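Heads up: the structure comes next, in structure tokens.
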Amino acid sequence: MADRFPSPFEIETPPGAEGWQQMYSYYHVLAEDRRDIDDRRFWFQDQLHHGDVLYPYDEIQCECWWPALGAFNTRIFAMPPAFGVDQRVINGYLYISPIPVDDPATIPQRAELYKRRAGYYYDNWNELYERWKVKTVVGLDRIKAIEFAPLPALEDEEVVFSARGYSTSYQMVHDFGVLVDTMYETYQYHFEFLNIGYAAYLTYFAFCKQAFPDISDQSIARMVGGLAVDLYRPDDELKRLAKSAVELGVADKIVAAGDAEAVWSALSLDGDAGKQWIADYEQTSDPWFLVSLDPGHPGGYHNYGTWQDDPTVPVSSIQGYIRRLQAGESIDRPTAEVLAERDRIASEYRSVLDEEQQKGFDEILALARLVFVYIEEHVLYIEHWLWATFWKKSRELAAALHAMDVFDREDDMFFLNRHEVAQLLYDVHAGWSVGSRWRGKSYWGPIVEERRRIYETLKQWSPPPALGVPPEEVTEPFTVMLWGITTERVKAWLAADEDGGGDGNTLTGAAASPGTVEGLARVVRAVSELGDVQQGEILVCPATSPAWAPIFPTIAAVVSDVGGMMSHTAIVCREYGLPAVVGTGYACATIQTGQRLRVDGGSGTVTILD
Amino acid sequence: VTAHVLPLDDCAGVPRASVGGKAAGLGSIAGCGLPIPPGFAVTTGAYREAAGEEALAAIDRVLAAATSLAERVAAAAKLVEQLWPSTPTEDAIREAYAALCERCGTENIAVAIRSSAASEDTEGASFAGEYDSYLWIRGADDVLAAVVRCWSSLFTERALSYREQGRVDTQPAMAVVVQQMVDARAAGVLFSLNPENGDRSKVAIESCWGLGEALVGGEITPDNFLLDKITGEILRRRLATKATEVVFDRAAGRGVVTQPVEPERQELPSLTDEELETLRGHARTAERELGFPVDMEWAVGAGGIAVLQVRPETVWSRRPRETQALTGSAIDSIVSSLVHETN
């Protein structure tokens, strides 16, 4: 078996995609002047967050987390062993590389700093987290307040009589700046708690491995999870609306109406009860249905709306819940049982320790539970609320520019990166202000057409999972925890690299949620395909996000391409008591809908039985 | 039923002087809610009643008069063999055996009959297959005869030499356990902790085909399973090649025989996952009810798993555990775990 992957510099550009580098920022691509460091590193494709080709505009998503994660690890908390995670865009796909501290001799000094700095956060966690929520929602409201509309031929009189003192085109330039800056700022907040949260969780994990040798990962996770956190609120709200529909006597109408639009028109004719239900739905919708439809990591790409934009998922879920209520079934998550089981497991593990160890266990378990709320909830606040709103406003801007004939097509703007959009807005600002003509599409039109072609070509390319020189042992905590990249996984990739896939009947991944089931596979790549899933099928998917929540009561097990013990899929499956194997790498490519599978969530294996 | 015959289920808490150590042990296992093979105890009172003051005095006289240990064994045995239960006790034993047959749904149910001495040194005398055990006994007459033979084991060479060393009572009495014979498909032992490292959050199970004698004696390599005591996950399975098994000697109609296992069964697990789960439950129950880590012998028969014996685990239970690195403050633990991860 080879001991390394191909060098990133050996990766060839697919024919027809030449010049793809100019779509992205110069600092984000491979270059000869950085070859000496980039060629020595281990790079893996960030399938978890960015499994698809990056639109030039969407590069901003990567740009936001790149320095944010880095600064909190490297410069703010002084994470003892780890610096940040570096990024390069290769053939339009994001590759990342965790950076260890440059001088191991500084680790003890960093450890002391970390104790003081992160210790302050652990000691004041809830208070600081409350402050975090407030400032995050302030950022959200700032973005929500922005409105992008085509520039008028003549300014409204309001501009005059309010003595505002600046033009609407300047406002557009200004607001785009606010949009980008606010997103940058809130994504910094995202990492304020995340890395130190993971560090605490990892320590708890290591404690359990030492105190209870051979304990499974999922038992460790089960002692912490199962909390009633906001992440589950969207699904809980759907259930509440289903119950309310039954109580108000509008349930039959909702089920019979069919699609969302028909539901609305049926209920608006229904009198008070129907109107009351619609009002309830609409009030609930903001913010709880700000749920990204992105099938991968939520918020990663501009072209996914939310349940607010497309009510197909929430309405069909409500209909499903109503049918189950009418059939006399319970639709509630077994929260109480899961919590009771969590506490039983924890207290029984605790009881086998001696008194001194019990104190250590109590402390680290309490801290793990404390930080875990953030680890779960931040996904809702940041990935769903902030990013979904950011993308919505970006689409609004793209539509306004299209309406002004700055672009031929409504999505043309996304083939410009954020620096280029800022330039373009100055171009439009100047042209519109002086009553002349901006260069706009006469300059960008051909570039956009070329990039569109390149984008489609790159979409057909399969990015290799890893490049460069892997470490002998993958020990960097975040690589293991967040991306599920372990020494074993790297070995499996190296083997697959040589024989082109290995044993075709068995896939292995992280044992994310216990239990064994057999059933028929349903391969689902996007939320829009969830309607095809039949009761009792095994969901095979790239990854899941909260937008997928309504599917969990229907399925028997989940197999995903990406993710580790802490992925959304793993967390939710443990909540629902469903077997899950995550991070298999090749499930969607290997398994076909209708094949019979055996999923063993205890050992992390998936067997194709047909 | 007179007080001289007691169902095993009722033996928990009954003084050893009355039902002996083995019956009292089985009774306390049953009292924990664990399944033991059904049966009954014939108390020490039945022996005293059968012997009577006069016979007991005669035995004492014979023992005092004999000049060698061998002579004493022979003389005492001769006297004891002539004993017979009193009529009410004989009727009670016949009734209890009939009730056992009815409970098991089999006429002339095969039973194991073992002595249960009041002063038994529990450490070695309670293994199945000892000199004072009679296996696969069928029919009330044979049961009665075996009960009397158990009485005579009060005067075995070993028992007498113990007595002469002053290690047991001078006025010994013998109770007898009559218990349904488990025709074991598989059998073995379990520990309510991991014997490799003392981790009390695990249950370790070893099992083999057939009866557990060879396994308990360390003569074969058994299948080995490690379960999470708390969640029930099967964390490890090491399957052994099980070339032989100890089973009922059907040809002889009594006793046991070691025979080869057919090749296709040698590599198969000797326990199902459901059986492992049941055993985990038994380990938890015994430990909870008795209040200390245990080891346990058990057998899988047609009627499921039967518990044969439970004892306190002694190796790890007495050893203080490593506490290093598990007792620091959370922040110290975090830093050392982060730094450790990279070293």
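Some points to look at:
- In region A:113-149, of all residues being farther than 30 Å from residue A:373 by Cβ and loosely packed, with under 15 Cβ neighbours inside 10 Å, the one that is farthest from the other protein chains (Cβ to nearest Cβ) corresponds to A:149.
- From the list A:37, A:60, the one residue that fits, being among the β-branched types (Val, Ile, Thr), surrounded by 18 or more Cβ atoms within 10 Å (Cβ to Cβ) and part of a helix (DSSP H, G or I), is A:60.
- Filter result for residue B:309 (at pLDDT 85 or above and either farther than 30 Å from residue A:516 by Cβ or touching a helix residue (DSSP H, G or I) at 6+ places or on another chain (Cβ under 9 Å) (or both)): yes
- Out of A:47, A:22, sole residue that is among the polar types (S, T, N, Q) and surrounded by 18 or more Cβ atoms within 10 Å (Cβ to Cβ): A:47
- Selection from region A:177-223 of residues that are more than 8 Å from every other protein chain (Cβ to nearest Cβ) and in a loop (DSSP other than H, G, I, E, B): A:223
- Filter result for residue A:318 (buried (at least 23 other Cβ atoms within 10 Å of the Cβ), modelled with pLDDT of 90 or more, within 14 Å of chain B (Cβ to nearest Cβ) and out of contact with any Phe, Trp or Tyr (no Cβ under 7 Å at 6 or more places or on another chain)): no
- Inside region A:286-313, residues that are among the hydroxyl-bearing types (Ser, Thr, Tyr), under 25 Å from residue A:61 (Cα atoms) and not in a loop (DSSP other than H, G, I, E, B) make up a count of 2.
Conditions (1) within 20 Å of residue B:16 (Cβ to Cβ); (2) part of a loop (DSSP other than H, G, I, E, B); (3) within 14 Å of chain A (Cβ to nearest Cβ); (4) modelled with pLDDT under 95, marked per residue:
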position: B:145; (1), (2), (3), (4): no, no, no, yes
position: B:148; (1), (2), (3), (4): no, no, no, yes
position: B:161; (1), (2), (3), (4): no, no, no, yes
position: B:169; (1), (2), (3), (4): yes, yes, no, yes
position: B:203; (1), (2), (3), (4): no, no, yes, no
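- Test: residue A:280 is part of a loop (DSSP other than H, G, I, E, B), on the phi < 0 side of the Ramachandran plot and free of Cβ contacts under 8 Å to residues at least 60 places away in the same chain: no
- Selection from region A:545-604 of residues that are closer than 25 Å to residue A:219 by Cβ, out of contact with any Phe, Trp or Tyr (no Cβ under 9 Å at 6 or more places or on another chain) and assigned to a strand (DSSP E or B): A:557, A:559, A:560, A:580, A:581, A:582, A:597, A:598, A:599, A:600
- Candidates B:14, B:73, B:5, B:80 - the one that is surrounded by 15 or more Cβ atoms within 10 Å (Cβ to Cβ) and touching a Gly at 6+ places or on another chain (Cβ under 9 Å): B:14
- Positions within region A:103-112 being surrounded by fewer than 21 Cβ atoms within 10 Å (Cβ to Cβ) and more than 19 Å from residue A:474 (Cβ to Cβ), in sequence order: A:103, A:105, A:106, A:108, A:109, A:111, A:112
- Test: residue in region A:69-92 that is in contact (Cβ under 8 Å) with a residue 40 or more places away in the chain, over 22 Å from residue A:50 (Cβ atoms) and more than 14 Å from chain B (Cβ to nearest Cβ): yes
- Among the residues listed as A:506, A:487, the single one being more than 14 Å from chain B (Cβ to nearest Cβ) and modelled with pLDDT of 75 or more: A:506
- Listed by position, the helices (runs of 4 or more DSSP H) enclosed by region A:367-478 that each have at least 3 residues that are more than 14 Å from chain B (Cβ to nearest Cβ) and of a type in the set (Asp, Glu) are A:440-459.
- Within region A:427-459, the only residue that satisfies the criterion of being loosely packed, with under 14 Cβ neighbours inside 10 Å, in contact (Cβ under 8 Å) with a residue 24 or more places away in the chain and over 29 Å from residue A:98 (Cβ atoms) is A:453.
- In the condition set (1) touching a residue at least 12 places away in the same chain (Cβ under 8 Å); (2) among the hydrophobic types (A, V, I, L, M, F, W, C); (3) away from chain B (no Cβ under 14 Å), residue A:161 is compliant with all but (1).
- If you check B:251, B:175 for being part of a loop (DSSP other than H, G, I, E, B), small (Gly, Ala, Ser) and more than 13 Å from every other protein chain (Cβ to nearest Cβ), only one passes: B:251.
- Where residue A:182 falls short, out of the listed (1) within 30 Å of residue B:326 (Cβ to Cβ); (2) at pLDDT 95 or above: (1)
- Only a single item in (1) polar (S, T, N, Q); (2) crowded, with 20+ Cβ neighbours inside 10 Å; (3) away from every other protein chain (no Cβ under 14 Å) is not met by residue A:308, and it is number (2).
- Residues that are buried (at least 18 other Cβ atoms within 10 Å of the Cβ), of a type in the set (Asp, Glu) and closer than 30 Å to residue B:200 by Cβ are absent from region A:337-352.
- Residue, modelled with the lowest pLDDT, within region B:294-306, restricted to residues that are of a type outside the set (Asp, Glu) and more than 18 Å from residue B:269 (Cα to Cα): B:303
- Selection of region B:228-248 for residues being β-branched (Val, Ile, Thr) and assigned to a strand (DSSP E or B) yields B:234, B:244, B:246, B:247.
- Extreme residue, modelled with the lowest pLDDT, among residues of region B:254-292 that are touching a strand residue (DSSP E or B) at 6+ places or on another chain (Cβ under 6 Å), more than 20 Å from residue B:304 (Cα to Cα) and within 14 Å of another protein chain (Cβ to nearest Cβ): B:292
- Among the residues of region B:206-227, those that are farther than 30 Å from residue A:220 by Cα and either within 14 Å of chain A (Cβ to nearest Cβ) or not in a loop (DSSP other than H, G, I, E, B) (or both) comprise B:208, B:209, B:210, B:213, B:214, B:215, B:216.
- Scanning region A:344-364 for residues that are in contact (Cβ under 8 Å) with a residue 12 or more places away in the chain and more than 7 Å from chain B (Cβ to nearest Cβ) yields A:346, A:350, A:353, A:361, A:362.
- Which numbered condition residue A:218 fails, given (1) buried (at least 18 other Cβ atoms within 10 Å of the Cβ); (2) modelled with pLDDT of 90 or more: (2)
- Number of positions in region B:315-343 that are assigned to a loop (DSSP other than H, G, I, E, B), at pLDDT below 75 and of a type in the set (Ser, Thr, Tyr): 3
- Output for region B:111-133, where each listed residue is modelled with pLDDT of 90 or more and surrounded by fewer than 18 Cβ atoms within 10 Å (Cβ to Cβ): none
The values are calculated or read from the model by the stated rules, or taken from the named source; none is laboratory data. Every value quoted in this text rests on a predicted model; they were computed, and no experiment measured them. All Cβ positions, glycine included, derive from the backbone under ideal geometry; neighbour counts span all protein chains shown.
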